[in-house]
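Each remark here refers to the structure printed beneath this line.
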Amino acid sequence: MPWGTAREYGRAVPPRSTAFAALCAALVVAVPASAATKTVYLGNPPAGQKALNKLRADVNQYFPSTITVRRGDSVRFVPTGLHTVDLVRGRRPDALVSGGAPVSGARDPAGVPFWFNGQPDLELTPSLLNVAFGKTVSYNGSSEVQSGLPLETKPLTVKFTKAGSFTYYCNVHPGMKGKVKVVTGKAPTANKDAKAVKKQLNAAIKDAKSLQTALVRKDQVLLGNSSRSGVEILSMYPGAMTVPTGTTLTFSISRFSLAAHTATSGPGDPFSEPDSFLGRISASIRETPPFDQAGVYASDPRGAPALLTPNLHGNGFWSSGFMDATSTTPQPKNQQVKIVAPGTYTFYCMLHPFMRVVVTAT
């Protein structure tokens, strides 16, 4: 499922360019003399994959963020990360997740009904499963063009038939947007486009390096670290901590994050043990919907923090549920749990299971 990076899910990406000329060639593909095709990368561009992956950085940007083409030219939107393209006007882009019929019959490992029975079953929005990647379409400035999720690794090619300035959005990361300017005169050359991508990439790498550490309270865990520009480090801060038994931990979304995360504890490592209790929950969200609603909703109703012991919900399960920083969803920015029994508790993100923090309560 689509919350991880291209590297995590084994998606092939173009090899890294070794020369500026190669980048120029990739950005403009010659077609008949009357038209041209330019390229926009959705997320980490190939030239920056190695450096950004080393920094555990996911860049929620289009490269270049603004591209200018002539009327009648096309843009190839190349999926290099978990992003979409939604050319929509007059309304908000479709959300990644939407509600369906009420949840019923959901029980915890102890056999007790979960509190979220009766709440909407949250699943991928159906429109995003209509995948347009691999297709060529036209855009006249009025009818919507939506790529759907990048379940197909081939580009979406859009021919722009009307002059104007058109903004497009990512349905996965609210706040991520790009712009296509369509002109009747000359458009920038391939060399200028390549320079813009290089400048944008260098700024993203600089941001990623500055986000490798984070200041947090002694009873706080930060889920990811982000910049205003959309750069996100997919790690928890700190990665390990020791607290007195009785501590109430606060899990917080990074202020500028465009991504969703969870903090979830229970049996198994969802990254290396896919058949474990947590592994199955995570896989339902990332790979094999329908979602296990125990991974989407918080394990306990809002109010006083849940009391975490190795026996909570029958097997030590506790989850924050989906959390994000956007104001367009009901998901919280902070969640708390109180550790009331000594021991070691590992919290994972069900959307990015390589993210974790090990908490030792003494």
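The values are calculated or read from the model by the stated rules, or taken from the named source; none is laboratory data. Model, not experiment: these values are computed from the prediction. Ideal geometry is used to build each Cβ from the backbone, glycine not excepted, and the neighbour counts take in all protein chains shown. Accessible surface is based on the protein model in full, side chains and every heavy atom, while ligands, DNA and RNA are left aside. Shrake-Rupley method; radii C 1.70, N 1.55, O 1.52, S 1.80 Å.
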> Looking at segment 70-90, which of the residues that are over 16 Å from the mean Cα position of the chain (by Cα) and part of a strand (DSSP E or B) is nearest to ASN171 (Cα to Cα)?
Replying inline: LEU87
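Would you be able to tell me the number of residues in segment 95-111 that are among the hydroxyl-bearing types (Ser, Thr, Tyr) and in a loop (DSSP other than H, G, I, E, B)? Reasoning before the result, please.
So the first thing to find is which residues in segment 95-111 are among the hydroxyl-bearing types (Ser, Thr, Tyr), and the list is 98, 104.
The next check asks that each one be in a loop (DSSP other than H, G, I, E, B); those that pass are 104.
Qualifying residue count for the region: 1.
Residue by residue through segment 45-69, note down the ones that are part of a helix (DSSP H, G or I) and of a type outside the set (Gly, Ala, Ser).
Going residue by residue through segment 45-69, those that are part of a helix (DSSP H, G or I) are 46-54.
PRO46, GLN49, LYS50, LEU52, ASN53, LYS54, listed by residue number.
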> Taking VAL296, is it in contact with a Leu (Cβ under 7 Å, 6 or more places away or on another chain), of a type in the set (A, V, I, L, M, F, W, C) and open to solvent by 30 Å² or more (accessible area, probe 1.4 Å)?
Replying inline: no
>> Please verify whether VAL358 is more than 25 Å from PRO126 (Cα to Cα), touching a Ser or Thr at 6+ places or on another chain (Cβ under 6 Å) and at pLDDT 95 or above, treating the condition exactly as stated.
In response: yes
> Which residues, counting only those in segment 149-174, are modelled with pLDDT of 95 or more, closer than 20 Å to GLY90 by Cβ and not β-branched (Val, Ile, Thr)?
Replying inline: PHE160, LYS162, ALA163, GLY164, SER165, PHE166, TYR168, TYR169, CYS170, ASN171
> Within segment 248-258, is there a residue that is farther than 24 Å from ASN117 by Cα, touching a Pro at 6+ places or on another chain (Cβ under 7 Å), in a strand (DSSP E or B) and at pLDDT 95 or above?
Replying inline: yes
>> Test of understanding: among THR37, THR18, which residue is at pLDDT 50 or above and either within 16 Å of VAL158 (Cβ to Cβ) or open to solvent by 30 Å² or more (accessible area, probe 1.4 Å) (or both)?
In response: THR37
>> Pairs needed: first member in segment 167-178, over 12 Å from VAL97 (Cα atoms); second member anywhere, among the hydroxyl-bearing types (Ser, Thr, Tyr); C-beta distance under 6 Å; at least 6 residues apart or different chains.
In response: CYS170/THR84; LYS177/THR167; LYS177/TYR169; GLY178/TYR62; GLY178/SER65; GLY178/TYR168
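Could you list, in sequence order, the residues of segment 259-273 that are open to solvent by 40 Å² or more (accessible area, probe 1.4 Å) and out of contact with any Ser or Thr (no Cβ under 7 Å at 6 or more places or on another chain)?
Of the residues in segment 259-273, the ones open to solvent by 40 Å² or more (accessible area, probe 1.4 Å) are 267, 271-273.
Hits for segment 259-273 are PHE271, SER272, GLU273.
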>> Need the failing condition index for THR125 against (1) under 21 Å from HIS352 (Cα atoms); (2) in contact with a helix residue (DSSP H, G or I) (Cβ under 9 Å, 6 or more places away or on another chain); (3) hydroxyl-bearing (Ser, Thr, Tyr), just the number.
In response: (2)
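Restricting the search to segment 193-225, which residues are within 30 Å of ILE339 (Cα to Cα) and open to solvent by 10 Å² or more (accessible area, probe 1.4 Å)?
Of the residues in segment 193-225, the ones within 30 Å of ILE339 (Cα to Cα) are 211-225.
Scanning segment 193-225 gives LEU211, GLN212, THR213, ALA214, LEU215, VAL216, ARG217, LYS218, ASP219, GLN220, LEU222, ASN225.
What is the residue count in segment 341-356 for residues that are closer than 13 Å to THR247 by Cβ and part of a strand (DSSP E or B)? Explain how you work it out, then say what you get.
From segment 341-356, those closer than 13 Å to THR247 by Cβ are 341-343, 345; that's our starting set.
Subsequent filtering for residues that are part of a strand (DSSP E or B) retains 343, 345.
Residues meeting the conditions: 2.
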>> Just to be sure I understand, how many residues within segment 126-152 are more than 17 Å from SER74 (Cα to Cα) and among the polar types (S, T, N, Q)?
In response: 2
> Of the numbered conditions (1) open to solvent by 50 Å² or more (accessible area, probe 1.4 Å); (2) over 17 Å from GLU232 (Cβ atoms); (3) at pLDDT 95 or above, THR328 satisfies every one except a single condition; which is it?
Replying inline: (3)
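Return yes when ARG280 is surrounded by fewer than 23 Cβ atoms within 10 Å (Cβ to Cβ) and at pLDDT below 95 and no when it is not.
Values: surrounded by fewer than 23 Cβ atoms within 10 Å (Cβ to Cβ): yes; at pLDDT below 95: no.
It is false that ARG280 is surrounded by fewer than 23 Cβ atoms within 10 Å (Cβ to Cβ) and at pLDDT below 95.
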>> Could you go through segment 101-123 and let me know if any residue there is among the hydrophobic types (A, V, I, L, M, F, W, C), surrounded by fewer than 17 Cβ atoms within 10 Å (Cβ to Cβ) and closer than 24 Å to ALA259 by Cα.
In response: no
